[in-house]
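All remarks here apply to the structure that follows.
The values are calculated or read from the model by the stated rules, or taken from the named source; none is laboratory data. Fair warning: this is a prediction, and the values are worked out from it, not measured in the lab. Here Cβ is always computed from backbone atoms with ideal geometry, including for glycine, and neighbour counts include all displayed protein chains.
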């Protein structure tokens, strides 16, 4: 399969999702929206849309965002399999006419996620039931569109959903590598929400060192299940 990988900056790229895609023999086609026009949807068998420092309501400030939204909406209309990660899940939700808005509080760091009853039977999320500890870094939430199935949640917001049978959104960063998390933590002061909620960078760094290896294993498996589900 030709799988489009939509990345927004070099410290929020495909991460551990690259390995299962390449091991399975799939071709990853990378697109960085602010570096050039979108690729043609023709010939794309699937797409994974990753995180960003941007928010989905910043089209006036970020002209490339409009082109990305148009491409995701077109892929969704064509029933091309999709996986949205954090910001990517919000773009996917908006493409399906859902509401994306600031969450009641930012979720930054390691948090417990509950898998719903519907999620327990899902081919991508199901093996994570009844719950798991996830790495998160977001201030917005996607309210899944009408007809979507909520697969996982925290007290703050939905954490995973499925639209139809071929499009998934996850709010947590299942793809993130240890090196990328280290960069995010080192630069946390550039995120007003991270500063406002008073994250402790040293404590977060130490917790990440303990948990990232297992998290990366789960991330590789999640991506593998997505690819298996759509083939």
Looking only at residues in the stretch 21-34 that are touching a strand residue (DSSP E or B) at 6+ places or on another chain (Cβ under 9 Å) and part of a loop (DSSP other than H, G, I, E, B), which one is farthest from residue 135 (Cα to Cα)?
-> 26
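Looking at this structure, is residue 71 modelled with pLDDT of 95 or more and either out of contact with any strand residue (DSSP E or B) (no Cβ under 6 Å at 6 or more places or on another chain) or more than 25 Å from residue 15 (Cα to Cα) (or both)?
Numbers: modelled with pLDDT of 95 or more: yes; either out of contact with any strand residue (DSSP E or B) (no Cβ under 6 Å at 6 or more places or on another chain) or more than 25 Å from residue 15 (Cα to Cα) (or both): yes.
Taking the combined requirement at face value, the residue satisfies it.
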Report the residue count in the stretch 190-231 for those that are closer than 17 Å to residue 175 by Cα and either in contact with a helix residue (DSSP H, G or I) (Cβ under 6 Å, 6 or more places away or on another chain) or not in a helix (DSSP H, G or I) (or both).
-> 7
Residue 107 crowded, with 18+ Cβ neighbours inside 10 Å and part of a helix (DSSP H, G or I) | no
Filter the stretch 35-63 for residues that are more than 25 Å from residue 101 (Cα to Cα) and out of contact with any strand residue (DSSP E or B) (no Cβ under 7 Å at 6 or more places or on another chain) and give the result.
-> 35, 36, 37, 40, 41, 42
Total residues in the stretch 1-20, condition crowded, with 22+ Cβ neighbours inside 10 Å, within 21 Å of residue 214 (Cα to Cα) and touching a strand residue (DSSP E or B) at 6+ places or on another chain (Cβ under 6 Å) = 0
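Kindly indicate which of 134, 174, 152 is part of a strand (DSSP E or B) and either under 17 Å from residue 15 (Cβ atoms) or modelled with pLDDT under 95 (or both). Steps first, answer last, please.
Numbers: 174 fails: part of a strand (DSSP E or B); 152 fails: either under 17 Å from residue 15 (Cβ atoms) or modelled with pLDDT under 95 (or both).
Residue meeting the stated conditions: 134.
Just checking, which of 109, 51, 119 is under 14 Å from residue 170 (Cα atoms) and touching a residue at least 60 places away in the same chain (Cβ under 8 Å)?
Working: 109 fails: under 14 Å from residue 170 (Cα atoms); 119 fails: touching a residue at least 60 places away in the same chain (Cβ under 8 Å).
Of the residues listed, the single one that is under 14 Å from residue 170 (Cα atoms) and touching a residue at least 60 places away in the same chain (Cβ under 8 Å) is 51.
Out of 65, 83, 128, 92, I need the residue that is buried (at least 18 other Cβ atoms within 10 Å of the Cβ), closer than 29 Å to residue 216 by Cα and without any contact (Cβ under 8 Å) to a residue 60 or more places away in the chain. Which one?
Numbers: 83 fails: without any contact (Cβ under 8 Å) to a residue 60 or more places away in the chain; 128 fails: without any contact (Cβ under 8 Å) to a residue 60 or more places away in the chain; 92 fails: without any contact (Cβ under 8 Å) to a residue 60 or more places away in the chain.
Matching residue, one of 65, 83, 128, 92: 65.
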Result of the Cβ filter at 7 Å on the stretch 179-201, keeping first residues that are under 21 Å from residue 15 (Cα atoms) and partners that are outside any helix (DSSP H, G or I), at least 6 apart or interchain, is 180/11; 180/12; 181/135; 183/11; 184/11; 184/137; 188/199
